[in-house]
Structures are given as structure tokens and as C-alpha cells.
Amino acid sequence: MDPVKLVQGYKFDDHTTSDVRVCFKSIDEQPEWFSCHSSVLSQNSKYFADWLGQNDVRSNNTIELECPRVDYDHYVKMLKLMYLPRESVIDSFDSVKSAVGVLRASNSLGCELVTKSCVEYIEAASWDEKEEEEILEVARTLGSEAVSLLARLQAPSVDAVKNVFISAIRFATCMESPFPPFLDDLKTSAQEQIDFMIHEDDDTALVTTDEDVKSVVQEGLRKLLCSLRTGLDLLSTEFDQSPDQAEQRILCSLADIDWIANLLAKIEMMHDFVSCWSEISDHVLSVVQDKKYISGLWAVKSKLIEVTGKALDAVGYGSVVLPSSSRVHILKTWLPYIQMTKRFLDENSKNETSLQMDSDLFQNIESAIVSMVLALPSDDQADILSEWMKQAEQFKYPDLTEAFEVWCYRSKTAKRRLVGGLNGASNPTVSL
């Protein structure tokens with residue numbers, strides 16, 4: 001039913017001109033009657049038009065309707081809106097909650113004009129989470145009228161998700177230069193939303209395996225590592241001017257690198273992180289281990305262990321496969337540093353003001369180191385274990401006893417096992 005122009009001159013609840021009365025009944029409530037006009041009701045409501053078509057107002061001019069108590073005010077407001085011109089209906093709403101309530105009422109009574117006005121208002125307004133659930137519930141009853149409301153709630157296309165994801169990565173990794181400091185909060189928000197977006201679902205899986213996305217993530221990783229290198233190159237000068245600010249700048253870079261390492265782990269790109277971290281490791285340690293910072297930068301030194309732990313974990317447990325020479329390089333580069341830093345933290349652990357690190361983190365790193373050592377060629381294992389035993393009294397961490405015992409067993413049985421295996425083979429492919 002197409003709505004027609006309202007009858008001019010009529011006012012809602014005007015006793016002097018009305019020819020019908022309407023009552024919305026609620027349980028345990030005193031009924032309230034509203035004076036209305038049959039012409040207005042029939043022109044703007046299919047329910048009232050049908051009722052008036054079946055009843056003679058001269059003999060029966062009272063219409064009673066059941067309505068939920070919580071919607072009573074909304075039904076009354078809907079009745080009043082029938083007396084307004086279309087352009088004034090939308091202006092009468094002052095909240096999404098009110099518009100949703102009126103929408104429920106108008107939809108139940110087939111008030112097309114009011115329903116459309118409610119939809120237009122709600123579609124243009126912002127919603128909170130609770131209102132969104134109510135809108136979704138009422139939208140299911142609207143049919144084609146719900147299209148504009150549901151457009152906001154529909155899942156975006158894969159291309160749309162991809163574009164937003166790429167933009168967020170670029171923002172989260174400060175790839176747009178220059179990057180003003182006041183945008184740090186937005187950068188953090190972008191990182192948090194990326195973490196939320198990559199929770200497992202089909203669309204996200206398609207996006208994170210896209211080559212364009214991978215390329216941008218790799219670019220972001222390089223950007224963050226470049227920022228760390230720049231910060232380290234400037235550290236000496238900035239440390240002289242303001243030690244706290246200089247350390248904070250490096251910490252911020254490491255926090256970003258720690259974040260992207262977590263991201264790369266979730267999208268199966270840890271090989272990129274481990275390779276890049278291995279390349280920059282020598283430079284990083286040459287700076288932070290300078291005698292100038294022998295008694296400082298402990299927050300940075302501790303954060304470096306946390307970030308490096310992610311690389312050790314990835315290599316130690318096989319999610320990243322590297323040649324043995326690369327694995328040896330990582331161990332020989334970081335093991336002495338981790339030992340020295342751990343000893344300092346342990347010596348100062350009773351000081352409440354000293355930096356504390358999670359014991360589980362060190363346990364995980366120790367387990368990863370043991371796994372890495374056991375996966376090396378026997379001669380490389382011997383080099384690392386020999387150095388470990390020489391410094392056992394000085395450094396109690398990590399405990400490589402398990403790796404040492406396995407190496408001893410393998411060494412004792414290696415020649416017998418290998419030669420025996422080769423002699424028993426009809427076509428040996430390995431020579432000693």
C-alpha cells in the first residue's frame with residue numbers, strides 16, 4: 001500500500017474532530033484511549049485500513065490492540081507520527097533506541113511511511129553493540145526494507161578485507177613517512193585490530209595467503225628492522241642527551257618487532273623473521289654490549305631476549321628450517337649474550353626495583369636451545385657443549401645436560417651404528 005498525503009487540518013488526540021478511538025492494551029495497566037481519525041489511520045496503516053474496512057465506525061468506533069509493556073510508548077509515538085508529513089517524521093527521532101522501538105511497532109501494524117522513516121534514520125545513525133543486536137532482530141522481520149540496514153552488518157568481500165588489511169599493516173609498521181609521534185596510539189590500535197582480524201576464518205585465511213599481503217608484511221618487517229638499526233646508530237648521541245628517552249625509543253622499536261614476529265608466526269611467515277633477525281643480530285649486539293651501556297639499557301637487553309626467544313623457538317621446534325651453518329650462527333651469536341643477561345637478572349632478582357622477566361620465557365628458550373643443539377652436526381654440538389662446560393660455574397643457564405648426555409651416547413655408538421648399517425645394505429649410498 002503506497003502511503004498518501006496526510007489529511008490536512010487533523011491533529012492527534014483531537015476529541016472535537018475524531019471519529020475513532022485507539023487503545024494499546026498492556027497487562028495490569030489502566031487502558032488509555034487516543035482520539036484519532038479513520039482517514040488518517042487507513043491511509044498510513046494496513047492494519048487499521050483492514051480493520052476499518054471490516055467495521056462501521058458509526059456503530060463501533062473503538063480499536064483495541066495488545067502490545068508489550070516495554071513497547072507501549074513506541075506504539076503511542078508511532079500513532080502520533082501518522083499525523084506528521086514525511087519530512088517531519090525523521091526529525092522527530094532523538095535516539096536509535098527510540099527509532100528501533102517505533103520501527104517494531106510500525107512494522108507490526110503495516111505503517112509503511114513510518115517504517116521507511118525509521119529505517120532511514122537508523123541507517124544513517126551510529127549504533128552501539130546492544131542496539132545493533134536489536135536492529136538485527138527487527139531487520140529479520142522487515143523483508144526488502146531491511147536491505148539498507150543489513151548492508152552495514154554484512155561481511156565485506158575478500159577484496160575489501162584485503163585492502164583494509166594491507167592499509168592496516170602499512171600503518172601498524174610506520175611505512176608511511178614521515179610518521180608523526182602523535183599517531184603512536186593509532187599505530188597501536190592498528191596492531192590490535194590486525195591481531196583481531198587474523199583470528200581463524202575462511203576469509204582471513206584467503207587474505208593472509210595472498211601474495212600482495214605477504215609482500216606488504218615483508219616490507220613492514222624490513223621497515224621495522226630498519227627503524228631499529230637507525231635507532232641503534234643514533235643511540236650513543238641520544239643516550240648522552242637523555243638516557244631514558246634513548247632507551248624508550250629502542251624499546252618502542254623492539255615492541256613493534258615483537259608484535260610483527262607474533263603476526264608472522266600466525267600467518268606462517270616466521271622464516272622471514274628469523275632470517276632478517278639473524279642478519280641484524282651482530283649489529284644489534286655490537287651496540288648494546290658496548291662498554292658505554294654496561295650498567296644500563298637493561299629494559300632493552302631484556303626485550304632483546306624476548307624477541308630472540310621467538311626466533312629460537314621457531315628454529316628449535318622446526319617451524320623454520322635453516323641450514324646447520326645458520327643455526328650454529330644463531331646459537332653462537334645469542335647464547336653468550338643470553339647467559340650474561342640472565343646472570344645479571346638473577347643476581348639482582350631480590351632487588352624490588354630491578355627488572356624481572358618471566359621464568360616461563362627462560363624455560364621455553366632453554367628448551368628451544370636444547371632442541372637446536374641436538375639437531376646440529378656432532379662436531380658443532382661438541383663446540384657448543386665444550387664452551388658451555390667451560391663456563392658452567394659462571395653461567396648456570398641454560399642447562400644443556402640433556403644435550404650433553406645425548407651427544408655422549410651418539411658419539412659412543414656412532415661408528416658402530418653407521419658402519420653396521422652400511423655393511424648390511426646392498427647398495428650403500430653413504431661413505432665415511
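Data table
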| read-out | value |
| --- | --- |
| Set of lysines near residue 214 by C-alpha distance (under 16 Å), chain-local residues within fewer than 8 positions excluded | 162, 223, 266 |
| Backbone HN-Hα couplings from phi across the range 55-65 [Karplus 6.51/-1.76/1.60, Hz, Gly and Pro as x] | 10, 9, 5, 5, 10, 9, 10, 10, 10, 10, 10 |
| Helix axis angle, 96-108 relative to the chain longest principal axis, alpha carbon, degrees | 50 |
| Sequence-separation-based contact order of the chain, relative, with Cα cut under 8 Å and 6+ spacing, percent | 8 |
| Options 63, 92, 253, ranked by Cα towards positive dipole end of the chain, top entry (Cβ charges) | 253 |
| Within straight-line cross-link reach of residue 412, aspartates and glutamates at Cα separation under 18 Å, skipping those fewer than 8 residues along the same chain | 379, 380, 383, 402 |
| Helix axis angle, 378-390 relative to the chain longest principal axis, alpha carbon, degrees | 80 |
| Number of Lys pairs (Cα under 19 Å; 8 or more positions apart or on different chains) in the range 20-152 | 11 |
| For the chain, size of Cβ-based charge dipole, Lys and Arg +1, Asp and Glu -1, in debye | 1380 |
| Rounded to whole Hz, the Karplus (6.51, -1.76, 1.60) HN-Hα couplings of the range 307-323, x for glycine and proline | 5, 5, x, 5, 5, 4, 4, 5, 6, x, 10, x, 6, 10, 9, 10, x |
| Nearby lysines by direct alpha-carbon distance to residue 390 (threshold 17 angstrom, same-chain neighbours under 8 apart not counted) | 332 |
| FRET E, pair residue 248, residue 386, Förster distance 35 Å, beta-carbon r, rounded to 0.05 | 0.30 |
| Inter-label distance, nm, simple model (7 Å from Cα along the C-beta direction), residue 361/residue 240 | 3.1 |
| Accessible carbon and sulfur surface of the range 170-321 relative to its total accessible area, %, 1.4 Å | 51 |
| For residue 63, residues with placed amide H under 5 Å, excluding near neighbours | 21, 22, 23 |
| Per residue solvent-accessible surface (Å²) - the chain, probe of 1.4 Å | 56 |
| Where chymotrypsin sites (Phe, Trp or Tyr not before Pro) fall in DSSP loop in the range 293-394, at most 16 other Cβ within 10 Å | 317 |
| Bins of 10 Å from zero: percent of alpha-carbon pairs in the range 24-105 | 16, 47, 33, 5, 0 |
| For the range 74-121, projected area of the alpha-carbon convex hull averaged over all directions, nm² | 2.6 |
| HN-Hα J in Hz across the range 66-72 - Karplus 6.51, -1.76, 1.60, θ = phi - 60°, x for Gly and Pro | 7, 8, x, 4, 5, 9, 4 |
| Accessible-area composition of the range 20-152, carbon plus sulfur, in percent [1.4 Å probe] | 46 |
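The values are calculated or read from the model by the stated rules, or taken from the named source; none is laboratory data. None of these values were measured; they are calculated from a predicted model. Because the Cβ atoms are built from the backbone with ideal geometry, glycine has one as well, and the counts that use them run over all protein chains shown. Side chains included, ligands, DNA and RNA excluded: accessible areas come from the protein's heavy atoms. Shrake-Rupley method; radii C 1.70, N 1.55, O 1.52, S 1.80 Å.
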